1. Mind checking which residues of segment 1-13 are surrounded by 12 or more Cβ atoms within 10 Å (Cβ to Cβ) and farther than 16 Å from Leu43 by Cβ?
2. Of the conditions (1) touching a residue at least 12 places away in the same chain (Cβ under 8 Å); (2) at positive phi; (3) not aliphatic (A, V, I, L, M), Gly15 clears all except one; give me its number.
3. Name the residue, out of Gly107, Gly82, that is among the small types (Gly, Ala, Ser) and surrounded by 18 or more Cβ atoms within 10 Å (Cβ to Cβ).
4. Need at least 3 residues that are away from ligand 1 (no atom under 11 Å from the Cβ) and not aromatic (Phe, Trp, Tyr) per element, so show me which strands (runs of 3 or more DSSP E) inside the chain make the cut, counting only ones lying wholly within it.
Amino acid sequence: MSHDPNCIFCKIVAGQIPSRKAYEDDDVLAFHDINPWAPVHLLIIPKRHIASMADVTQADGPLLGKMAALGPRLMKELGVTGGFRHVINTGPDGGQEVYHLHLHVMGGPRPWLKG
Ligand code: 5GP
Ligand code: ZN
């Protein structure tokens, strides 16, 4: 399924729920987390609905590479100079709350570990 009508992040992709966007292209969307755990806290998501890392296949490699490389670029654009963290939560024991794959990129002083 490329779009899940019940998925909150698919609704953000479709513009049905507002978000503060940092980057968008045909494949990915980056927006600011509504409940930030760091001074700059972005969520980078594929536009296509993938529920979690548990559903990723090797064919998704280029997409994940694009998401990973976008983090450093956006942190730089947003003025983060001292480093940042990439985090992906997977499944209930991994602390995943939204079941649309998302890469947390948290920058700024002392970003705490989520969860
Ligand atoms: P998870 O625990 O699934 O890795 O993280 C989900 C993240 O999505 C949380 O950090 C939460 O604050 C964020 N989030 C949930 N709903 C919304 C929303 O409607 N808009 C935005 N911008 N972030 C959201
Ligand atoms: Zn979705």
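1. Taking segment 1-13 and keeping what is surrounded by 12 or more Cβ atoms within 10 Å (Cβ to Cβ), we get 3-4, 7-13.
Across segment 1-13, the qualifying residues are His3, Asp4.
2. (1)
3. Working: Gly82 fails: surrounded by 18 or more Cβ atoms within 10 Å (Cβ to Cβ).
Criteria check complete, one pass: Gly107.
4. Values: elements: 21-24, 28-32, 40-46, 84-87, 103-107.
Counting at least 3 such residues, we get 40-46.
Read-outs: derived from the displayed coordinates by stated rules, not from any lab. Remember, predicted model here, so these are calculated numbers, not experimental data. Here the Cβ is made from the backbone with ideal geometry for all residues, glycine too, and neighbour counts use every protein chain on show.
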